[in-house]
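Have a look at the structure below before the remarks.
The values are calculated or read from the model by the stated rules, or taken from the named source; none is laboratory data. These numbers come from a predicted model, not from an experiment. Reconstructed Cβ throughout: ideal geometry from the backbone, glycine too, with neighbour counts over all protein chains shown.
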């Protein structure tokens with residue numbers, strides 16, 4: 001569909017139609033011949049199957065929800081992630097628009113319940129329900145005890161659409177209600193249904209509730225704290241993709257830079273970049289250990305021109321050409337915008353591309369293939385149409401713009417002028433407004449909520465998280481933010497896989513102890529590396545501090561480092 005014919009988002013007439021449809025269906029549900037079976041307090045697992053939840057019990061408009069199955073599940077897992085018997089509930093939440101897809105959800109109700117609940121965030125474009133019995137969506141805590149192992153009632157959803165084979169994962173965005181569900185509405189709907197079922201099964205609602213998410217799930221964590229603060233006691237937002245529009249534009253800007261003829265780096269050239277940055281910056285934190293902890297000093301000191309090939313030509317894998325260096329600068333530097341997105345931004349912060357390993361840093365990295373795909377270069381240079389092999393992040397960004405913003409699956413995003421929006425600035429602003437962008441979290445604070453915000457220092461979310469945090473301080477005042485937020489940047493950590501430092505820490509225990517016992521995590525949390533040097537430890541340092549080597553002691557032990565700010 002041409003941009004000039006791009007349909008408007010919900011018109012007044014379509015709103016009226018949807019409201020009438022919702023009203024009619026709620027009347028049919030309540031009084032029609034097929035009266036739904038509600039669940040009384042203390043309902044057994046098997047009796048939850050077939051239970052209907054009225055639309056009036058859900059905080060946003062739906063046509064109600066139903067439980068499709070509820071079965072007793074055996075204990076499973078192993079070690080710290082062993083979990084006990086539980087009731088596994090699956091169901092759907094019906095949209096108001098009958099042409100929109102359902103929200104699919106799952107809820108695990110442990111036999112030995114601790115009286116609390118955890119909701120898990122999604123990833124990327126969602127489209128699947130995160131597993132409740134493994135840690136695949138708990139990045140940074142993938143070897144810690146599961147919420148279900150600790151006795152939590154655990155739930156999650158696919159955010160209101162299901163991935164279809166042969167379709168781009170962003171194709172669902174052509175439907176308004178599906179897009180709003182993805183942007184956050186599904187979080188509230190799922191939570192309300194899950195709590196209703198928890199109350200039915202156990203006879204009471206959860207006494208304490210937490211939300212944990214990473215990447216898109218991290219953005220969802222911020223969304224629930226902003227939009228439904230009374231529902232949550234503690235929230236953990238990791239590498240928060242808090243505005244999908246900004247994430248997509250940043251990904252496209254990087255892909256366009258790499259797509260410039262001659263700009264793409266092969267694996268050997270990426271290794272040249274990686275080792276060159278280490279040579280300039282590794283020792284700035286007091287220890288030459290492969291981890292750049294003093295990132296701000298590194299970015300101020302690093303001169304990429306020292307990697308330049310003689311005369312600027314692409315003559316060797318041991319140096320970089322002028323075209324390649326220009327692309328790196330373009331990726332790293334901010335990009336001005338002629339329109340406004342997010343919390344009022346008129347620029348993209350850029351990606352700390354020099355601090356990351358793009359798949360050429362360590363020959364035998366644990367996640368080398370995945371590291372290559374997640375990085376800006378991918379396995380092959382970008383070309384339209386983009387594929388995950390070129391760069392999964394660029395492919396995701398391309399799909400968001402084509403399907404959700406422009407409404408034209410054939411639109412070539414590599415030719416789009418990100419700065420001006422190529423005539424689509426109003427659409428980009430409207431899309432951005434769908435996602436939670438509030439930086440004044442006073443209602444969450446006033447309700448006693450606590451927020452852990454964290455990111456890797458070598459990934460795109462480092463700058464966007466830092467910006468969100470600074471905007472919170474501007475909106476609320478630093479002292480108020482300090483009373484309920486702890487923000488961390490973890491040196492060497494990238495988005496998901498890392499060859500340098502892949503953090504493991506018990507995020508649920510940290511937020512739980514802070515909320516329930518007043519145990520402020522401050523600088524007292526110790527991280528364990530699961531990739532660079534498996535088993536080594538570092539202190540988790542409150543931003544803007546970073547771990548500095550004390551000058552003596554084991555460089556692989558956290559006790560040899562102190563959190564400093566200069």
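Applying the criterion of being in contact with a strand residue (DSSP E or B) (Cβ under 9 Å, 6 or more places away or on another chain) and surrounded by fewer than 20 Cβ atoms within 10 Å (Cβ to Cβ) to the residues of segment 422-462, the residue that is nearest to residue 216 (Cα to Cα) is 433. Against the condition under 29 Å from residue 332 (Cβ atoms) and assigned to a loop (DSSP other than H, G, I, E, B), how does residue 458 come out, does it pass? So residue 458 fits the description; yes. Among the residues of segment 197-213, write down those that are crowded, with 20+ Cβ neighbours inside 10 Å and in contact with a helix residue (DSSP H, G or I) (Cβ under 9 Å, 6 or more places away or on another chain). Matches in segment 197-213: 197, 200, 201, 206, 209, 210, 211, 212, 213.
All conditions but one from (1) buried (at least 24 other Cβ atoms within 10 Å of the Cβ); (2) within 27 Å of the chain's Cα centre (by Cα); (3) part of a helix (DSSP H, G or I) apply to residue 296; the one that does not is (1). Being more than 23 Å from residue 509 (Cβ to Cβ) and in a loop (DSSP other than H, G, I, E, B) is a property that does not hold for residue 145.
The combined condition, being crowded, with 22+ Cβ neighbours inside 10 Å and on the phi > 0 side of the Ramachandran plot, is fulfilled by residue 140.
Taken over segment 84-109, residues that are in a strand (DSSP E or B) and farther than 15 Å from residue 156 by Cβ amount to 1. Just wondering, is there one or more residues in segment 320-328 that are assigned by TED's automatic domain parsing to the domain that holds residue 307, in contact with a helix residue (DSSP H, G or I) (Cβ under 8 Å, 6 or more places away or on another chain), part of a strand (DSSP E or B) and within 15 Å of residue 266 (Cβ to Cβ)? Taking every residue of segment 320-328 in turn, at least one turns out to be assigned by TED's automatic domain parsing to the domain that holds residue 307, in contact with a helix residue (DSSP H, G or I) (Cβ under 8 Å, 6 or more places away or on another chain), part of a strand (DSSP E or B) and within 15 Å of residue 266 (Cβ to Cβ).
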